[in-house]
Amino acid sequence: MTERETTRLNAWSNELRRVHQRLRDALAVAQSAVNDGGPSEDATRDLLLYCHGFCAALDGHHRGEDRALFPAIEAAHPHLAPVLRSLEQDHSMIAHLLGELSAAVNRAASRAELSLHLDGVAAVMETHFRYEERQLVRVLESLELDDAVTDVLGPL
């Protein structure tokens, strides 16, 4: 294996960690917009902006994993199918939570309610990311996948 091939293989595990950190950072910005945003209307307006970006990024990340990454992992490591199904279930739960957050933003919910929605997303997202990294990082270090990073891990 050439140095370039080794770098590409290791890059998938590094890219996953980078994407997860960018999503954590985006969520923190949305949380700040609610918690430090002044009157509820200002917080809601800011959250509309941040939520659309954060929600689209997180959803795009999970769609990329479901469409490209997980099938490639399952083809190379069939024994990980139960782990991948569990991660896909998390994706579905997170999509539901994002939908509830979006609905709360659109109806101009109180700062307290918006904060609860964000805290719920944060808790599930963090648990999901940690489990995913524990289960898949070593696999990603040896996964041969030539797709573009944005197609596999989302448009971040």
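We did not get these values from a lab; they are worked out from the coordinates using the rules stated. Being a predicted model, the structure only gives us computed values, none of them experimental. Note: ideal-geometry Cβ built from the backbone for every residue, glycine included; neighbour counts use all protein chains shown.
May I ask you to list pairs of residues, at least six apart or on different chains, whose Cβ atoms are under 6 Å apart, with the first in segment 24-35 being free of Cβ contacts under 8 Å to residues at least 24 places away in the same chain and closer than 17 Å to Ala109 by Cβ and the second being surrounded by 14 or more Cβ atoms within 10 Å (Cβ to Cβ) and among the aromatic types (Phe, Trp, Tyr)?
Correct list of pairs: Ala33/Tyr50.
Which residue, of Glu126, Glu113, is touching a helix residue (DSSP H, G or I) at 6+ places or on another chain (Cβ under 7 Å) and acidic (Asp, Glu)? Please lay out each step first, then the result.
Working: Glu126 fails: touching a helix residue (DSSP H, G or I) at 6+ places or on another chain (Cβ under 7 Å).
On inspection, the qualifying residue turns out to be Glu113.
Report yes if some residue within segment 73-83 is within 14 Å of the chain's Cα centre (by Cα) and surrounded by 15 or more Cβ atoms within 10 Å (Cβ to Cβ); otherwise report no.
Step one: of segment 73-83, the residues within 14 Å of the chain's Cα centre (by Cα) are none.
Checking segment 73-83: not a single residue is within 14 Å of the chain's Cα centre (by Cα) and surrounded by 15 or more Cβ atoms within 10 Å (Cβ to Cβ).
What pairs can you find where one residue is in segment 89-115 and without any contact (Cβ under 8 Å) to a residue 60 or more places away in the chain, the other is of a type in the set (Gly, Ala, Ser) and surrounded by fewer than 19 Cβ atoms within 10 Å (Cβ to Cβ), and their Cβ atoms are less than 6 Å apart, with a gap of 6+ or different chains?
Leu97/Gly120
Of the numbered conditions (1) under 15 Å from Ala26 (Cβ atoms); (2) of a type in the set (A, V, I, L, M, F, W, C); (3) touching a residue at least 60 places away in the same chain (Cβ under 8 Å), Leu140 satisfies every one except a single condition; which is it?
It is condition (1) that Leu140 fails.
Quick check on Asp119: is it loosely packed, with under 14 Cβ neighbours inside 10 Å and not aliphatic (A, V, I, L, M)?
yes
Does Leu118 satisfy the condition of being aliphatic (A, V, I, L, M) and under 18 Å from Leu136 (Cβ atoms)?
Considered against the rule, which asks whether it is aliphatic (A, V, I, L, M) and under 18 Å from Leu136 (Cβ atoms), Leu118 comes out as no.
Kindly establish whether Leu69 is within 24 Å of Val34 (Cβ to Cβ) and either touching a residue at least 40 places away in the same chain (Cβ under 8 Å) or not hydroxyl-bearing (Ser, Thr, Tyr) (or both).
No.
Step by step: first the residues of segment 116-130, then only those that are touching a residue at least 40 places away in the same chain (Cβ under 8 Å) and aliphatic (A, V, I, L, M), then the one that is farthest from Glu88 (Cα to Cα). Which residue is that?
Checked segment 116-130; the qualifying residue farthest from Glu88 (Cα to Cα) is Leu118.
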